[in-house]
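The values are calculated or read from the model by the stated rules, or taken from the named source; none is laboratory data. All values reported here derive from a predicted model rather than from experimental measurement. Neighbour counts are summed over all protein chains in view; Cβ atoms, including those assigned to glycine, are modelled from backbone coordinates with ideal geometry.
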């Protein structure tokens, strides 16, 4: 914030001299009546004079009001920190359920990561290999991103650079509404409309497959890519555009010679967040990609993703069983993947702001 | 004309203003790019509107007031969606009661109190991450933390708390935006007449941003209503017997049905459902979510037009 408030309405005139200083508001201790360090002594003496003079004429705040304010500010601080707490709690509680299997002697982490054999309920030989699931996630995400990135960025460029204010407003509202469609509804669309389309247009035996899931995920990711991409383009100063126009460039030339290079990081972040959404999406891929745990060989093969696998099997796995713990371990893996993706996106965006 | 020097004649001739081939190709590529991007924007939107229209047509035979207030019958193959609808209301209401105060306070902290230091950067990162964690991971967390560790069991409380944590970033993000729209000069003026930080927030910042904050809360509602994965393993069930039109069928420790979960159930788990029922369920869910969102957008547009600064 800007300047700190002078403390004229202090609760106690003698203690309240010039608390507006280094401590003003964002210290983590919440102690608001502490006088400042040596630097502000002279100044606070003057402020103290003013405060005392003013306080004499002014009705004092009651102790209760002061206490209430302090309690509220503590609550605000705690709420602010709650996000950190929740993220740590998420990791802790997932990992806590997963840890026993991770550190058990029978468990083979290499098999978990690199074996395509996922037979969690096999009677003779239980195997927990997630490679097919990881490749499922990767392939669906890849299909989605290949479709969504050009369209998303194209739409972002159109919305930001080529259309009039009225159309822009309308498109942004439509895009916002599209982003609000629940994932289970997307899954339902994939299961009914899209799968019928897929079987009609291709010779796929079943409509719920990699292509179908990829298209659905692409449609889901586009709104995110558009809105963040548009923000990135908006962040480029108008002076860049004006300079381009002054040189006689057309809008399109400005876009690909000036704006795209200037907004590169923001556009990259848009793509990354689109990837993050695609990787983490659960219900839509659960319903739209078919249910076969296999490494896909073509676009028309059914696949299962890491997320869909958890959703499909958690209900059947008895609490505390190996199967249950492996599913939590998959969850931990997903948490870490999305953590890295989001962290990268954040660093990329931060790079933009620095500039 | 003939008396003029050749150079002047050339200058006067309209030929000079004919576009050079360079300009022509430049303009052509401009036009092409514009239409291409327009097509890209439209091709993302039009098919969807067609799809939604198709859903609506397929749902039409079942859509009626009866469908909303009737309970599912014959193993969910016929009847309505009342218990799911009420269950969603319960879940959303309870998650809102938890998420709204924490979210608004967190946003106030981040925008009004926090300085730009490493600690607050970590908080920001945590908020971003919370938004990015896959919904199924939230479900695992809810199961591990609320159902088992906190011993709430499979219940509305567990599901609502999971939803609350999941939707917290929505409230934080839009509340921050609302707070940021209050000019800094308003705060400075308030400080200058001697108000403390909290007095400034209460008397100046909040009244000027309350509608924006409300928008964020509305968006949280729509997000929470649509989520399926987080409630699937924490408190939502396939079926629960409820009286027709009963407004309070669930206690906080009961399991409940939910619209999103019901859509998943009737479209994938139950065989031989009446054709139009899944479509109608999808339309009711989609309709409520979009309606809630549209009202948030309308509120925002109205606010922007009314703003005096």
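Considering each residue of segment A:67-82 in turn, none proves to be touching a residue at least 60 places away in the same chain (Cβ under 8 Å) and either over 30 Å from residue B:102 (Cβ atoms) or crowded, with 18+ Cβ neighbours inside 10 Å (or both).
Set side by side, the residues A:312, A:308 differ, and just one is part of a helix (DSSP H, G or I) and surrounded by 21 or more Cβ atoms within 10 Å (Cβ to Cβ), which is A:308.
Among the residues examined, residue B:244 does not qualify as assigned by TED's automatic domain parsing to the domain that holds residue B:115 and either crowded, with 23+ Cβ neighbours inside 10 Å or in contact with a strand residue (DSSP E or B) (Cβ under 7 Å, 6 or more places away or on another chain) (or both). Consider residue B:127 carefully, then state whether it is within 11 Å of chain A (Cβ to nearest Cβ), surrounded by 24 or more Cβ atoms within 10 Å (Cβ to Cβ) and without any contact (Cβ under 8 Å) to a residue 24 or more places away in the chain. So residue B:127 fails the test. Quick check on segment A:341-349. Is at least one of its residues part of a helix (DSSP H, G or I), in the same structural domain as residue A:235 (by TED's automatic domain parsing), surrounded by fewer than 17 Cβ atoms within 10 Å (Cβ to Cβ) and in contact (Cβ under 8 Å) with a residue 12 or more places away in the chain? Yes, there is a match, as at least one residue in segment A:341-349 is part of a helix (DSSP H, G or I), in the same structural domain as residue A:235 (by TED's automatic domain parsing), surrounded by fewer than 17 Cβ atoms within 10 Å (Cβ to Cβ) and in contact (Cβ under 8 Å) with a residue 12 or more places away in the chain.
Flag: residue B:282 does not match the condition of being surrounded by fewer than 15 Cβ atoms within 10 Å (Cβ to Cβ) and within 20 Å of the chain's Cα centre (by Cα). Of the set (1) at the interface with another protein chain (Cβ under 7 Å from one of its Cβ atoms); (2) outside any helix (DSSP H, G or I), all apply to residue B:76 but (1).
Matching residues to (1) crowded, with 16+ Cβ neighbours inside 10 Å; (2) over 30 Å from residue B:161 (Cβ atoms):
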residue: B:47; (1), (2): no, yes
residue: B:53; (1), (2): no, yes
residue: B:74; (1), (2): no, yes
residue: B:90; (1), (2): yes, no
residue: B:93; (1), (2): no, no
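Exactly one residue among B:294, B:298 is within 9 Å of chain A (Cβ to nearest Cβ), without any contact (Cβ under 8 Å) to a residue 24 or more places away in the chain and assigned to a helix (DSSP H, G or I), and that residue is B:294. Counting only helices (runs of 4 or more DSSP H) wholly contained in segment B:139-217, no element carries 1 or more residues that are touching a strand residue (DSSP E or B) at 6+ places or on another chain (Cβ under 7 Å) and closer than 20 Å to residue A:73 by Cα.
In segment B:259-272, the condition of being modelled with pLDDT of 90 or more and under 26 Å from residue B:101 (Cα atoms) is met by at least one residue. Does at least one position in segment A:142-164 carry a residue that is in contact with a strand residue (DSSP E or B) (Cβ under 7 Å, 6 or more places away or on another chain) and surrounded by 14 or more Cβ atoms within 10 Å (Cβ to Cβ)? Scanning segment A:142-164 turns up no residue that is in contact with a strand residue (DSSP E or B) (Cβ under 7 Å, 6 or more places away or on another chain) and surrounded by 14 or more Cβ atoms within 10 Å (Cβ to Cβ).
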